[in-house]
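So the structure is just underneath, and the comments pick up after that.
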Amino acid sequence: MLEVLNTLAVMPFPDIDPVAFAIGPVAVHWYGLAYVAGILCGWLYARRLAANDSLWPQNRSPLTAAHLDDFLLWVAVGIVLGGRIGYVLFYDLAAVSQDPLRAFEIWNGGMSFHGGFLGATLAMILFARRNGIPVLSMFDTIAAVVPFGLLFGRIANFINGELWGRISDVPWAVVFPTGGPFSRHPSQLYEAGLEGLLLLAVLAFLVLRLKALKWPGFVAGAFVCGYGLSRIFVEFFREPDAQLGYLAFGWLTMGMVLSLPMVALGVWLMLRARKSAA
């Protein structure tokens, strides 16, 4: 059986060192570069949106370039703290309750997107209120650029050979170094395509063609709903976390459970925004 699965894996795993380069004793990993690339691209794109008054309500942008510069630190802290706390609460609480110091071992499980999402949301609310920015417009701006981070982050997951998919015999299946001798779905690339490229294109169409930023909350709702749907779809191909497995029915995962409320929230935000605009 193992030999058959291996022969069906025609897409070789790229032999890429997780360390991009090293300067003396300091090693720079692809994952770290992915974070930097995602934040940099998102920051530049957000600045372009903020500089275009015609995209906003009353043809006046509620944000400035200085606001976005200052927000970089806020969102970085929100993502890191929220992502780690979210992983502990959603995926690793039993182990951390036995060994509290495990919560600080970021190499054990890493971070949760849903936790990072909540942390970033809190950072946006606090920053917007402190600077007199409409909260929904702040949400819209950041939502429009988040897919950059998702795209680069999922590609880094693939390079690291982590968060791989379920066992499969599709022609593009991959034998991951850390996934045993089985050929598996490259689910990280599925997520990069859906949560990154496709979602970025959809949001750009809404923002640049339909001028959806004039409906505060709509772009944020489209992102939240789009991510939730993409994640639920990919969960059917992604291997669930070993410590949790399937929650029910032999297919329901924690990722699905956490994404369902996002879909509902996104639809509500979009309907609310259109109703308010009308």
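The values are calculated or read from the model by the stated rules, or taken from the named source; none is laboratory data. Given the structure is predicted, the values throughout are model-derived calculations rather than measurements. Positions of Cβ are backbone-derived with ideal geometry, glycine not excepted, and every protein chain shown enters the neighbour counts. Note: areas computed on protein heavy atoms with side chains; ligands, DNA, RNA excluded. Shrake-Rupley method; radii C 1.70, N 1.55, O 1.52, S 1.80 Å.
Brief remarks follow.
- Restricted to segment 25-112, the set of helices (runs of 4 or more DSSP H) holding at least 3 residues that are modelled with pLDDT of 75 or more comprises 30-51, 65-91.
- Residue within segment 142-150 that is β-branched (Val, Ile, Thr) and in contact with a strand residue (DSSP E or B) (Cβ under 9 Å, 6 or more places away or on another chain) present: no
- If you go through segment 54-67 and pick out every residue that is open to solvent by 70 Å² or more (accessible area, probe 1.4 Å) and either out of contact with any Asp or Glu (no Cβ under 8 Å at 6 or more places or on another chain) or among the β-branched types (Val, Ile, Thr) (or both), you end up with 1.
- Complete set of residues in segment 252-276 that are over 19 Å from Leu136 (Cα atoms), open to solvent by less than 90 Å² (accessible area, probe 1.4 Å) and either part of a helix (DSSP H, G or I) or at pLDDT 95 or above (or both): Met254, Gly255, Met256, Val257, Leu258, Ser259
- Every residue from segment 68-88 that is open to solvent by less than 40 Å² (accessible area, probe 1.4 Å) and within 25 Å of Ala212 (Cβ to Cβ): Leu68, Phe71, Val75, Gly78
- Within segment 30-54, the residues that satisfy the criterion of being touching a residue at least 40 places away in the same chain (Cβ under 8 Å) and of a type in the set (A, V, I, L, M) are Leu33, Ala34, Ala37, Ile39, Ala46, Leu49, Ala50.
- Answer residue from segment 113-142, given it is aliphatic (A, V, I, L, M) and open to solvent by 30 Å² or more (accessible area, probe 1.4 Å) and is nearest to Ile85 (Cα to Cα) among those: Leu118
- Selection within segment 143-183 - part of a helix (DSSP H, G or I), open to solvent by 40 Å² or more (accessible area, probe 1.4 Å) and either hydroxyl-bearing (Ser, Thr, Tyr) or within 12 Å of Phe13 (Cα to Cα) (or both): Asn160
- Filtering segment 185-218 to residues that are free of Cβ contacts under 8 Å to residues at least 60 places away in the same chain and either aromatic (Phe, Trp, Tyr) or in a strand (DSSP E or B) (or both) leaves Tyr190, Phe205.
- In segment 7-15, the condition of being modelled with pLDDT of 75 or more and touching a strand residue (DSSP E or B) at 6+ places or on another chain (Cβ under 8 Å) is met by at least one residue.
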